[in-house]
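Asks: Have a look at the structure that comes next, please.
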Amino acid sequence: FSAGPMSGKRVLVTSGPTHEPIDPVRYIANRSSGAQGAALAVALRDLGAEVIFVTGPASVPPPAGVAVHRIETAREMLAAVEAALPVDAAIFAAAVADWRVENSLTQKIKKVAQTSPSITLSENPDILATVCAHPERPKLVIGFAAETENVVPHATAKRLRKGCDWIVANDVSPATGIMGGSNNTVHLITEAGAEDWPPLPKSEVAQRLAARIAEALA
Ligand code: C5P
């Protein structure tokens, strides 16, 4: 039993990158430390929520006191997410690989002088969009939008395209230091428009967002 404004609420958080194997020793992936997702899980847990944490191979360890489901690929993440439904809210902080390697091999690819293997990519499922269109769609669905330009317009369009309630948008241009760093500067996009939050530690972004989630579910 946990007291708190989120007690009795079930919340799903996806976090970290996915890895899409090329062969048993190589993969393609997005850059993601999993720090923001882990901070969110902590903040929601601390408000008393039951947290289901579906994580790819992140560099930050999963927090204590949450139900951890470790996956590697996007398709495994989708399966774990669908298995976790129904939930009251779902937050998609994972950096999912948009493509997987269609011609992945079960044996290590050998180097052959003067030839390079070709990788063929095929599209991965969009987990956020799938959950938004799901018969068991959670009451509150929140996506993230990591952008490098026109952050708010791109994120506003993404909110409508994916069918989610809120988008947490950030500028991840290398100069910002957000990727792998401990601070984050986000814009919260809702039906009402965009709110610009000040630069904050990822833990504080998580606490503010968790408080807003609690308010929306109350
Ligand atoms: O389209 P884009 O990748 O920029 O969208 C980002 C949002 O969508 C994030 O919340 C991310 O977790 C989610 N996403 C997903 N499945 C994908 C791609 C993105 O859930 N295949």
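The values are calculated or read from the model by the stated rules, or taken from the named source; none is laboratory data. Worth saying up front: this structure is predicted, and the values here are computed from it rather than measured. Neighbour counts run over all protein chains shown; Cβ positions are idealised from the backbone, glycine included. Only protein heavy atoms, including side chains, enter the accessible area calculation; ligands, DNA and RNA are left aside. Shrake-Rupley method; radii C 1.70, N 1.55, O 1.52, S 1.80 Å.
Asks: Along the positive direction of the dipole of region 70-185 (beta-carbon charges: Lys, Arg +1; Asp, Glu -1; about the Cα centre), which of A169, T148, P117 reaches farthest?
Replies: So the residue furthest toward the plus end is P117.
Asks: Would you mind checking the tilt of helix 74-84 against the longest principal axis of the Cα atoms of the chain, expressed as 0 to 90 degrees and rounded to 10?
Replies: Taking the Cα atoms of the chain, the angle to 74-84 is about 30 degrees.
Asks: Can you tell me the orientation of helix 202-217 relative to the chain, as the angle in degrees between its alpha-carbon axis and the longest Cα principal axis, to the nearest 10?
Replies: Around 60 degrees separate the two axes.
Asks: Rank L44, P21, P57 by how far each Cα sits towards the positive end of the charge dipole of region 1-82 (+1 on Lys, Arg Cβ; -1 on Asp, Glu Cβ) and give me just the farthest.
Replies: My answer, from the dipole projection, is L44.
Asks: Follow-up. Using +1 on the beta carbon of Lys and Arg, -1 on that of Asp and Glu, and nothing else charged, what's the dipole of the chain about the Cα centre, debye to 20?
Replies: Rounded to the nearest 20 debye, it is 480 debye.
Asks: Continuing with the same structure: Using only Cα atoms, locate the centre of region 145-201 and the centre of region 52-95, then give the distance between them in Å, rounded to an integer.
Replies: Centre-to-centre distance over Cα atoms comes out at 21 Å.
Asks: Given a 1.4 Å probe and every protein chain left where it sits, what share in percent of the accessible area of region 1-110 is carbon and sulfur?
Replies: With neighbouring chains kept in place, the figure for region 1-110 is 51 percent.
Asks: By how many degrees, 0 to 90 and rounded to 10, does the Cα axis of helix 35-46 deviate from the longest principal axis of the chain?
Replies: 30 degrees
Asks: Among the trypsin sites (Lys or Arg not before Pro) within region 117-163, which fall in a DSSP loop and have no more than 13 other Cβ atoms within 10 Å of their own Cβ?
Replies: Within region 117-163, the qualifying trypsin sites (Lys or Arg not before Pro) (loop, at most 13 other Cβ atoms within 10 Å) are K139.
Asks: Could you state how much accessible area V60 has, in square angstrom rounded to the nearest 10, with a 1.4 Å probe and all protein chains kept in place?
Replies: About 50 Å², rounded to the nearest 10.
Asks: Under a straight-distance cross-link criterion of Cα-Cα below 21 Å, which lysines are reachable from K162, leaving out those fewer than 8 residues away in the same chain?
Replies: Straight-distance partners of K162: K139.
Asks: Follow-up. Give me the 1.4 Å probe accessible area per residue for the chain, excluding ligands and nucleic acids, in Å².
Replies: In whole numbers, the chain has 51 Å² accessible per residue.
Asks: Here is a follow-up. On a straight-distance basis, which aspartates and glutamates could pair with K111 in a cross-link, Cα separation under 14 angstrom, same-chain partners fewer than 8 positions away excluded?
Replies: Filter leaves D23.
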